[in-house]
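Asker: Before I ask anything, here is the structure I am working with.
The values are calculated or read from the model by the stated rules, or taken from the named source; none is laboratory data. Since we're looking at a predicted model, the values are computed, not measured. Note: ideal-geometry Cβ built from the backbone for every residue, glycine included; neighbour counts use all protein chains shown. Ligands, DNA and RNA are stripped out before the accessible areas are found, and what is left, the full protein with its side chains, is counted by its heavy atoms. Shrake-Rupley method; radii C 1.70, N 1.55, O 1.52, S 1.80 Å.
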Amino acid sequence: MSKVVHSEDEWRRLLTPEQYAVLREKGTERAFTGKYHDSHEKGVYACAACGQELFASDTKYESGSGWPSFYQAIDRDRVATEVDRSHGMTRVEALCSNCDSHLGHVFPDGPQPTGLRFCMNSASLELKPANKPDKK
Ligand code: FE
């Protein structure tokens, strides 16, 4: 995938205000308010900004945090990380490697086999449901 680059004006046009606030301004949706924190649907979670596939639903787990949580990305190269010292905390920020949009944070308290918790914002993700049989 070639790297996606847009000006902030273009991102504003392409994204909803809620998506823009999270993806481009590094906002955080309130816990338990996003559309995916309690989702158990099968499929692939893609970046809501550029469409890069980030997480498979079978790596999603119940973290109790109120945000969709995964223990592993589809490929480690798809989620970039940076140290985030905002809000008086030192955290690891997770970004889409394809468009540099903010996804959430990564914490070292996840389940095995990785021990990681990718704590994502629902607004940063778009679920592509697994193919369902046609209704005929
Ligand atoms: Fe992206």
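Asker: Would you check the accessible area of THR16, probe 1.4 Å, heavy atoms only, in square angstrom rounded to 10?
Answerer: 70 Å²
Asker: So how exposed is LYS132, as accessible area in Å² (1.4 Å probe, rounded to 10)?
Answerer: We get 130 Å² for LYS132.
Asker: Considering only protein heavy atoms, what is the solvent-accessible area of ARG12 at a probe of 1.4 Å, reported in Å² to the nearest 10?
Answerer: Approximately 140 Å² for this residue.
Asker: Per residue of segment 116-127, in order, report the coupling 6.51 cos²θ - 1.76 cosθ + 1.60 (Karplus, θ = phi - 60°) as ³J(HN,Hα) in whole Hz, putting x for Gly and Pro.
Answerer: 10, 10, 7, 9, 9, 8, 4, 5, 8, 10, 9, 7
Asker: Residue by residue through segment 25-39, what is 3J(HN,Hα) from phi via Karplus (6.51 cos²θ - 1.76 cosθ + 1.60, θ = phi - 60°)? Round to whole Hz and write x for glycine and proline.
Answerer: 10, 6, x, 10, 5, 5, 4, 6, 10, x, 7, 10, 4, 10, 7
Asker: Could I ask something else about it? Separation between the HIS40 and TYR61 pseudo-spin-labels, each 7 Å from Cα along Cα→Cβ, expressed in nm?
Answerer: That separation, rounded to one decimal, is 1.7 nm.
Asker: Counting pairs on different chains as well as pairs 8 or more places apart, how many Lys pairs in the chain have Cα atoms under 19 Å apart? Walk me through the numbers on the way to the answer.
Answerer: Numbers: LYS26/LYS35; LYS35/LYS60; LYS35/LYS128; LYS42/LYS60; LYS42/LYS128; LYS42/LYS132; LYS42/LYS135; LYS60/LYS128.
Lysine pairs meeting both conditions in the chain amount to 8.
Asker: Oh, and also: Select from LEU15, LEU103, LEU125 the residue whose mean-square fluctuation is largest in a Gaussian network model of the chain (Cα-Cα springs shorter than 10 Å).
Answerer: For the chain, modelled as a Gaussian network with Cα springs under 10 Å, the answer is LEU15.
Asker: Rounded, prolate or oblate: which one fits segment 1-98, using the alpha carbon gyration tensor with axes a ≥ b ≥ c (rounded when a/c is under 1.5, else prolate when a/b beats b/c, else oblate)?
Answerer: On the way: a/c = 1.35, a/b = 1.19, b/c = 1.14.
Since a/c stays below 1.5, the shape of segment 1-98 is classed as rounded.
Asker: Using the heavy atoms of the protein chains and a 1.4 angstrom probe, tell me the accessible area per residue for segment 8-129 in square angstrom. Let's see the in-between values first.
Answerer: On the way: 6320 Å² over 122 residues.
It amounts to 52 Å² per residue over segment 8-129.
Asker: Give me the percent of the accessible area of the chain that comes from carbon and sulfur atoms, probe 1.4 Å, all protein chains in place. Walk me through the numbers before you get to the answer.
Answerer: Numbers: 3960 of 7960 Å².
Answer for the chain is 50 percent, counting heavy atoms of protein chains only.
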